[in-house]
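J.: Here you go, one structure.
What follows draws every value from the coordinates through simple rules; no lab data is involved. Everything quoted here is computed from the prediction, not taken from an experiment. In this analysis, Cβ positions are derived from the backbone assuming ideal geometry, glycine residues included, and neighbour counts consider all displayed protein chains.
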Ligand code: MV4
């Protein structure tokens, strides 16, 4: 086994590889770009080297040499399927933890790969995969195959440049469009033509080869649930799938045809009746490998390291079996309500369910991390196992409800809706599932009374905390003006809030009665009480209901998590029955930009409305002013600094004692 390896990647997969390496006593070297210098993956490794970028072949090899790493694990993405990189490792005397450059290249050209697979007896979608590309010939081939057909670029996967053609009349225009897109995306305008399958499933087989020529498969994964070729949910084994044995044999034949070594995935497209056809082979470890690990009990990274070190496969086909069912959900920073636009920002709070035997979380970020547009927006993978699919599904639903992410918009609620949906629950998987059920899966659900009550309770607790601090700081801590329970002398004891859920206002009234606290939400009054739990959450009683809730404050907003639901609520105004409590606050950048000028300094007293800082964004200047009287506690940036949206610029201590 290797003494030391370099991990040429970042994020969750770099952390994932480091975990197994550590368990095996293999030392690890991380690489990082400047934007990632504080990344979790840097700390997950034993040492780290700065590189200009993760795609810089010479720099990665130099880092490995410099650190005396014997091998490089490429993870997925970046250089993982770059034959040139694998060859450069070989030339430098470093082991590439993956297949040979020849195997990578053989699968890189999709049409050439299909010709090769055809020879190896692997089933293909009826089609044309030839080298001749004149349009009259292609049109004739399309007619031979029979419409509808699909035109695909030979050079690329991922759906780019693909065109469905319904009939002969539309063929030439579609061919030209496909070629144009292929040329600009891959620098290669060759295409192949296939019969178009209407409701296919994406089923892939995990394979492994060693340097002695042994090849096994580790069963299939169903990755049909995706949108725009981005996988969302993956599971193993594929539900309602009848061709496991045949597909396993086809995948092993595919790997053997190119003398494959290491971890690979043979992708198939399958019809609803189970007939399947080779699509492409991914010559790397995949994002969704954990579902295979959960059903086989094997560690695929350990297998990769062993095979790369020249050992025989740790288990042969007859020793590998399926135990139970596993599902992975990919948590992305994206906004389902805005056409899944990638979201950016700072993660203010990050909470996951406790990891246990059947619940696994693979992540590469932590609270405080910035989600930037520069890298993949995946925050974490949540993987669950059950003795059958229904159990795994229930566990996934539960675990998703326990995920707490504040500060950046995510797809967690959307995932939960997909998981709870009828087509997913019944295992009727197909690549069009999300699109077909779009309207049921999207659209806002009304905010619950529990969420509003938790927000109001959190706001009250926050105000009481400040009142207590004020009382302690004043000379007369027993003055009735500092009472923290809402009671005010000779005043109507209520407290009104308006919480904005997006555009929708929700009026909430807290009433302080002798009998206790009451809350009015959505026109109905309820008894309310609560206490703080050791983990920082509230335990709240709302009439006869009791639940746990977490509330995370961001300026005047509350991020509230309760009963699997999440809302960001903006406190719009507060018409207190008595004097207003002051708010400690942070001033956040409203958009990404550059600091032009700082007009105050730490320790200064400032008045409400006073200009503190100028931010240039989108070619305009924005003046950041004090939201209240207070004292500047800390200034986090200087003139010339670039800031991300939501970055805390200045921390203010508010309150009358800080008044100028
Ligand atoms: C297909 C197909 C229907 N018929 N081929 C999309 C990406 C590429 N790797 C293969 N893809 C498809 N090929 C034929 N002959 C439908 C798709 C397809 C798809 C495949 C797998 C997963 C998701 C998909 C989403 C849309 C289309």
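J.: Of all beta bridges DSSP finds with both residues in the stretch 339-464, what is the antiparallel percent, to the nearest 5?
T.: Percentage antiparallel, nearest 5: 100.
J.: Another question, then. Ranked by Cβ crowding within 10 angstrom, fewest neighbours first, how are 134, 501, 210 ordered? Before the final figure, lay out each step's value.
T.: Working: 134 8, 501 17, 210 20.
In order of increasing Cβ crowding within 10 Å: 134, 501, 210.
J.: Taking neighbour counts of Cβ atoms within 10 Å as a proxy for exposure, in what order, fewest first, do 340, 424 appear? Please list the in-between numbers first.
T.: On the way: 340 19, 424 23.
Ranked by crowding around the Cβ, least crowded first: 340, 424.
J.: Working from the alpha-carbon coordinates of the stretch 157-266, get Rg over Rh, Rh being the Kirkwood radius.
T.: For the stretch 157-266, the value is 1.05.
J.: The stretch 336-375 to the stretch 158-178: how many Å between their Cα centroids?
T.: The stretch 336-375 and the stretch 158-178 have Cα centres spaced 37 Å from each other.
J.: Now, a different point. Once you compute Rg and the Kirkwood Rh from C-alpha atoms, what is the Rg to Rh ratio for the stretch 296-367?
T.: 1.11
J.: Please give the peptides 44-51, 347-354, 94-101 ranked by average Cβ packing (other Cβ atoms within 10 Å per residue), highest first, as a rough proxy for protection. Don't jump to the answer; show the numbers that get you there.
T.: Working: 44-51: 18.1, 347-354: 16.5, 94-101: 23.9.
Sorting 44-51, 347-354, 94-101 by mean packing, highest first, produces 94-101, 44-51, 347-354.
J.: Return the whole-Å distance between the Cα centroid of the stretch 75-108 and the Cα centroid of the stretch 208-238.
T.: 20
J.: Let me ask something else about it. Given labels modelled 7 Å from the Cα in the Cβ direction, how far is it in nm from residue 136 to residue 65?
T.: Those two pseudo-labels are separated by 5.5 nm.
J.: Using helices alone, what [θ] at 222 nm do you get for the chain, with -39,500 (n - 2.57) per DSSP H run of 4 or more residues, divided over all residues and rounded to the nearest 500?
T.: -7500 deg cm²/dmol
J.: Follow-up. Using a ≥ b ≥ c from the Cα gyration tensor of the stretch 349-470 (square roots of the eigenvalues), is it rounded, prolate or oblate, where a/c under 1.5 gives rounded and otherwise the larger of a/b and b/c decides, a/b for prolate? List each step's numbers first, then the result.
T.: Working: a/c = 1.85, a/b = 1.64, b/c = 1.13.
It is prolate, given that a/c is not under 1.5 and a/b is the larger ratio.
J.: Here's a follow-up. Between residue 428 and residue 604, what is the FRET efficiency for a Förster distance of 51 Å, r being their Cβ-Cβ separation, to the nearest 0.05?
T.: That gives a FRET efficiency of 0.20.
J.: By how many degrees, between 0 and 90 and to the nearest 10, does the Cα long axis of helix 171-186 differ from the longest principal axis of the chain?
T.: 70
J.: Then there is this: Between rounded, prolate and oblate, where does the stretch 260-305 land on the alpha carbon gyration tensor, with a ≥ b ≥ c its root eigenvalues, rounded for a/c under 1.5, else prolate if a/b exceeds b/c?
T.: Oblate.
J.: Below 8 Å, C-alpha to C-alpha, sequence gap of six or more: please give me the relative contact order for the stretch 333-385 in percent.
T.: This gives 40 percent for the stretch 333-385.
J.: Defining a contact as two alpha carbons under 8 Å apart and six or more residues distant in sequence, what relative contact order in percent does the stretch 46-202 show?
T.: The value is 18 percent.
J.: Hey, fewest Cβ within 10 Å first, where do 249, 450 land in order?
T.: 249, 450
J.: So, by mean Cβ neighbours within 10 angstrom, what's the order for 369-379, 285-295 with the highest one leading?
T.: 285-295, 369-379
J.: Determine the shape class of the stretch 1-72: with a ≥ b ≥ c the square roots of the Cα gyration tensor eigenvalues, call it rounded for a/c under 1.5, and otherwise prolate if a/b is greater than b/c, oblate otherwise.
T.: It comes out oblate by the Cα gyration axes.
J.: Taking Cα pairs under 8 Å and at least six residues apart, what relative contact order does the chain come out at, in percent?
T.: In percent, rounded to a whole number, it is 8.
J.: Give the distance, in whole Å, between the Cα centre of the stretch 590-648 and the Cα centre of the stretch 278-315.
T.: 50
J.: Let me know the Rg and Dmax you get for the chain when you use only its Cα atoms, in Å.
T.: 28.9, 94
J.: Determine, for each peptide in 382-389, 12-19, the mean count of other beta carbons within 10 angstrom over its residues, then list the peptides with the highest first.
T.: So the order, starting with the most tightly packed, is 12-19, 382-389.
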